[in-house]
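**Q** Pasting a structure here, questions to come.
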Amino acid sequence: MAQILTNSRLCAEGHRPICQDTGIVNVFLKVGLKVRLNLTGSLEDAVNEGVRQAYLNPDNPLRASIVSDPAGKRQNTRDNTPAVIQVSLVPGEKVEVILAAKGGGSENKAKLVMLNPSDSLVDWVLTTVPTLGAGWCPPGLLGIGIGGTAEKAMLLAKESLMDPIDMSLLKARGPSNTMEALRIELYDKVNALGIGAQGLGGMTTVLDVKILDYPTHAASLPVALIPNCAATRHIHFTLDGSGPVSLTPPRLEDWPAVTWRAAPTARRVNLDTLRKEDLADWKPGDTLLLSGKLLTGRDAAHLRIQQLLARGEPLPEGLDFTHRFIYYVGPVDPVRGEVVGPAGPTTATRMDKFTEFMLERTGLMGMIGKAERGPQGIE
């Protein structure tokens, strides 16, 4: 937790994201029935132009993570468009905008179940959360949608994540209805699981549990669960026609006085001089303070390497994995004198199927990732 808070403050000071995965943009628009929009294209076009300008800002470019043709060529759209946009018409003459930039690590852990009406929703949540591993980067939020149909429950779960964190206030005043009581029950019981920050154990796995519900068929109980990582990038504002919205950045004074220092038992490791026999001294749970050079790459890069070698072709000129470490990440481009842009690790299990190949065929010595490794990677 101290590491997250320390990094969060550094990011606020440097105006950079804490994690390079600034995700897919989720937008909920509530458009007043009396609103007249002066647009040259569609409402979706206007939203996507805003996303394009934000992600291509030359002073603070964000990583483009969106690919078109998802079941085929998976080509990057280069500007993080299109956003996922939900539009509803409401009374009034204003436009309410609720926006979140949600990373793939937490989104990939979304779950949907069609329970029987007599089944226990609480039991399902408590059974499901441990199966998510740590790839969703706790501590964060759980968004739960109940009722409607399958797709409605998923939408409710996503929309619930847009609400501000208020669990401490709710617990202080006590629940006023059954839904608030359910939120508190799930919050307490999920944290009692002991998963903790980044899955390393501890008292805080979730900062809040959000729930939205909708009437459903008498024979059905759809339940959706979508986690949100520690980087809850949300913004809410209203357009009333009076001009551009002015958004006030967070004040550095609001950060808690928390600092992080490595434990005296932490090992300092220079990757440039590391020998394979040195690895035998490492033990599970050790904290390693790394210095030196490492390579970066995710599953797409691993697949290309595998295909090259399978065809008998050499690796690109200058690329040599011998006695090197690879870091599972796709960093943001550096700006303003940075050596590297934000570079939070991606979920390690995505590389499990390439692990044996990389170790046996490339001379790779080790890998750095986040969250968990599955049986295939461990073996």
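The values are calculated or read from the model by the stated rules, or taken from the named source; none is laboratory data. Worth saying up front: this structure is predicted, and the values here are computed from it rather than measured. In this analysis, Cβ positions are derived from the backbone assuming ideal geometry, glycine residues included, and neighbour counts consider all displayed protein chains.
**Q** May I ask you to verify whether R52 is in contact (Cβ under 8 Å) with a residue 60 or more places away in the chain, surrounded by 13 or more Cβ atoms within 10 Å (Cβ to Cβ) and either of a type outside the set (S, T, Y) or farther than 30 Å from G243 by Cα (or both)?
**A** So R52 does not fit the description; no.
**Q** Let me ask another. Within segment 21-36, is even one residue touching a residue at least 24 places away in the same chain (Cβ under 8 Å), of a type in the set (K, R), under 30 Å from V206 (Cβ atoms) and touching an Asp or Glu at 6+ places or on another chain (Cβ under 8 Å)?
**A** yes
**Q** For N57, are the conditions met, namely being of a type in the set (S, T, N, Q), in a loop (DSSP other than H, G, I, E, B) and surrounded by fewer than 19 Cβ atoms within 10 Å (Cβ to Cβ)?
**A** The answer is yes for N57.
**Q** Among the residues of segment 277-322 satisfying the criterion of being among the small types (G, A, S) and in a helix (DSSP H, G or I), which is surrounded by the fewest Cβ atoms within 10 Å (Cβ to Cβ)?
**A** That would be A280.
Here's the yes/no breakdown for (1) at pLDDT below 95; (2) surrounded by 15 or more Cβ atoms within 10 Å (Cβ to Cβ); (3) under 30 Å from D240 (Cα atoms):
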residue	(1), (2), (3)
G104	yes, yes, no
S120	no, no, no
E151	no, no, no
S160	no, yes, yes
E180	no, yes, no
N191	no, yes, no
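**Q** Based on what the data block shows, is G147 surrounded by fewer than 23 Cβ atoms within 10 Å (Cβ to Cβ) and more than 18 Å from N108 (Cα to Cα)?
**A** So G147 fits the description; yes.
**Q** Next question. Of all residues in segment 35-66, which are β-branched (V, I, T) and either within 22 Å of P334 (Cα to Cα) or in contact with a helix residue (DSSP H, G or I) (Cβ under 8 Å, 6 or more places away or on another chain) (or both)?
**A** Answer for segment 35-66, where residues must be β-branched (V, I, T) and either within 22 Å of P334 (Cα to Cα) or in contact with a helix residue (DSSP H, G or I) (Cβ under 8 Å, 6 or more places away or on another chain) (or both): V51, I66.
**Q** Would you be able to tell me the number of residues in segment 60-69 that are in a loop (DSSP other than H, G, I, E, B) and more than 19 Å from the chain's Cα centre (by Cα)?
**A** Here the count works out to 2.
**Q** Also, quick follow-up: Just checking, which of C19, C11 is over 28 Å from V87 (Cα atoms), surrounded by 18 or more Cβ atoms within 10 Å (Cβ to Cβ) and out of contact with any Leu (no Cβ under 8 Å at 6 or more places or on another chain)?
**A** Just a single option satisfies the conditions, and that option is C19.
**Q** Separate question: Scan segment 339-361 and tell me whether some residue there is out of contact with any strand residue (DSSP E or B) (no Cβ under 8 Å at 6 or more places or on another chain) and at positive phi.
**A** Looking through segment 339-361, none of the residues is out of contact with any strand residue (DSSP E or B) (no Cβ under 8 Å at 6 or more places or on another chain) and at positive phi.
**Q** Would you please list the contacts, defined by Cβ atoms under 9 Å and residues six or more apart or on different chains, that run from a residue in segment 283-298 that is among the β-branched types (V, I, T) to a residue that is loosely packed, with under 11 Cβ neighbours inside 10 Å and at pLDDT below 95?
**A** T287/A263; T287/T265
**Q** Identify all residues within segment 172-204 that are outside any helix (DSSP H, G or I) and either hydrophobic (A, V, I, L, M, F, W, C) or touching a residue at least 24 places away in the same chain (Cβ under 8 Å) (or both); write none if there are none.
**A** Matches in segment 172-204: A192, L193, I195, G196, L200, G202, M203, T204.
**Q** Keeping to segment 348-365, report how many residues are of a type in the set (G, A, S) and buried (at least 18 other Cβ atoms within 10 Å of the Cβ).
**A** Qualifying residue count for the region: 1.
**Q** Right, something else. Report the residue count in segment 364-379 for those that are in contact (Cβ under 8 Å) with a residue 40 or more places away in the chain and either more than 23 Å from L274 (Cα to Cα) or out of contact with any Phe, Trp or Tyr (no Cβ under 8 Å at 6 or more places or on another chain) (or both).
**A** The total comes to 2.
**Q** Condition first: in a strand (DSSP E or B) and charged (D, E, K, R). Now tell me which residues in segment 211-257 satisfy that.
**A** If the condition is that a residue be in a strand (DSSP E or B) and charged (D, E, K, R), then D213 is the only one that fits.
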